[in-house]
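First up is the structure itself, then whatever we jot down about it.
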Amino acid sequence: MIPTQSRDSGVITGFVVGLVLSFTAVAGLAVDSGRIVSARVSVSDHAENAARVGAQEVTLLRLGWRFLNPEAAKTAVQQYLWRYGLVGDVSVGYRTVTVTVRMTQATTLLRLVGISSRTVSATRTAEIFDS
């Protein structure tokens, strides 16, 4: 005798829907977290390189001193950031250049739960030394 009705109809469907939603959330975290970490590494590298570019604007070498030309250093850093399409802040002292770079990274799967982007930033400082 073959039963015509099953008492368990629909139970598996709810379980499968829950699993699919859970896997989608985990995949979203994995994919978007990786993209955010990659953006953070990129921003950190650009901040460091921009600070080094600014620290190359040394003045008063003929007098035996090594100080930064603040305007030239700031301009060099801003040109570097502009060339790579980045946004940041520059602070120049007599011997140091500090650069903060910010980038907004769009998300893909986390957008489904209302997180459309994350902003990452990094601050790096380059300093000139007497040799």
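Tell me, please, whether a residue that is buried (at least 17 other Cβ atoms within 10 Å of the Cβ) and at pLDDT below 85 can be found in region 74-86.
No: region 74-86 contains no residue that is buried (at least 17 other Cβ atoms within 10 Å of the Cβ) and at pLDDT below 85.
Among the candidates G14, G34, G54, which residue alone is at pLDDT 85 or above, in a helix (DSSP H, G or I) and either closer than 30 Å to T108 by Cβ or of a type in the set (A, V, I, L, M) (or both)?
G34
Given the criteria within 18 Å of D32 (Cβ to Cβ) and assigned to a helix (DSSP H, G or I), does R118 qualify? Reasoning before the result, please.
Values: within 18 Å of D32 (Cβ to Cβ): yes; assigned to a helix (DSSP H, G or I): no.
The answer is no for R118.
Specify the residue that is surrounded by the fewest Cβ atoms within 10 Å (Cβ to Cβ); the eligible residues are those in region 92-103 that are at pLDDT 95 or above and out of contact with any helix residue (DSSP H, G or I) (no Cβ under 6 Å at 6 or more places or on another chain).
Only one residue tops the list, namely R102.
The values are calculated or read from the model by the stated rules, or taken from the named source; none is laboratory data. Every value quoted in this text rests on a predicted model; they were computed, and no experiment measured them. Cβ: placed from backbone, ideal geometry, glycine included. Neighbour counts: every protein chain shown.
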